[in-house]
Amino acid sequence: PTPTLRPSPSTSPSPSRAARAKLKREIRAVQKKVELAARSFYEVGAQLNTWKRTQSWRALSSDGGGDFKAFVRENVMPYSTASRLMTVAESYPKSIATKLGIEKGFQLVRYARLADTEALTLVRRDARLGSPPTAVSELSAQDIEWLVTSLRMTEARAAAPKASREDKRVAKVFARRFTSELGVDPDVSIDKKRNKLCLELDLDLARGAI
């Protein structure tokens with residue numbers, strides 16, 4: 001008879017009570033550091049805003065001149081990061097900013113500016129954004145960033161100049177002439193931004209028309 005193979009015992013030793021206790025202490029320490037970092041980013045942004053508002057940063061300049069962005073880059077952090085911290089600290093009270101985090105708080109400010117409202121209002125109302133409508137509390141920073149991109153695309157389309165009735169008439173006349181003379185039917189579009197009449201034609205049809 002074929003022997004039945006018994007499963008080999010696990011070679012990984014079970015964690016000891018001391019190891020578990022050590023890990024729990026380390027987790028608590030990390031959690032405290034995360035909480036401290038969340039509080040610290042707001043304080044950094046608030047201090048940067050104070051320096052900018054009071055112009056006290058100019059004390060390091062021999063002639064009182066200079067550029068705030070350069071001051072931040074040389075003495076604190078990259079200005080792109082500083083700008084986000086400053087925006088969040090300026091837009092929310094500390095308790096809300098700490099809960100949102102830097103990225104979500106910043107993206108929500110970007111969304112609010114495009115939507116002509118206030119980020120703090122959206123948070124306090126737990127407004128429902130996007131489609132399907134989703135509460136701010138349930139949205140991630142990436143979700144809100146996507147909504148910002150979507151709003152910008154909608155605005156860009158709305159701002160694009162529209163073809164007039166005369167533009168469309170000219171395009172139709174030109175397309176008919178193209179078809180009657182070459183025997184092919186192109187796709188015609190009007191690019192008002194560049195003031196161009198655009199014709200697209202399958203390459204094989206173009207070869208056959210020559």
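The values are calculated or read from the model by the stated rules, or taken from the named source; none is laboratory data. Here the structure is a predicted model, which means the values were calculated and not measured. Neighbour counts are summed over all protein chains in view; Cβ atoms, including those assigned to glycine, are modelled from backbone coordinates with ideal geometry. Surface accessibility is based on the protein's heavy atoms, side chains included, excluding ligands, DNA and RNA. Shrake-Rupley method; radii C 1.70, N 1.55, O 1.52, S 1.80 Å.
A few remarks follow.
- Cα-Cα over 18 Å, subset of 22/99; 168/192; 24/99; 24/104; 168/193: 22/99; 24/99; 24/104
- The mean accessible area for residues of the stretch 70-121, using a 1.4 Å probe and ignoring ligands and nucleic acids, is 50 Å² per residue.
- Charge context of residue 19, other residues only, Cβ under 13 angstrom, K/R +1, D/E -1: +4
- Both radii were evaluated on the Cα set of the chain; the Rg over Rh quotient, with Rh as the Kirkwood radius, amounts to 1.27.
- Of 155, 200, 43, the residue with the greatest mean-square motion in the GNM of the chain, using alpha carbon springs below 10 Å, is 200.
- Solvent-accessible area assigned to carbon and sulfur over the chain amounts to 54 percent, based on a 1.4 Å probe.
- Summing charges over neighbours of residue 142, with a neighbour being any other residue whose Cβ is under 12 Å away from its Cβ, gives -2 when K and R count +1 and D and E count -1.
- Modelled FRET efficiency - R0 41 Å, residue 58 with residue 36, Cβ distances, 0.05 increments: 0.85
- Heavy-atom accessible area order for 193, 104, 69, largest first, 1.4 Å probe: 193, 69, 104
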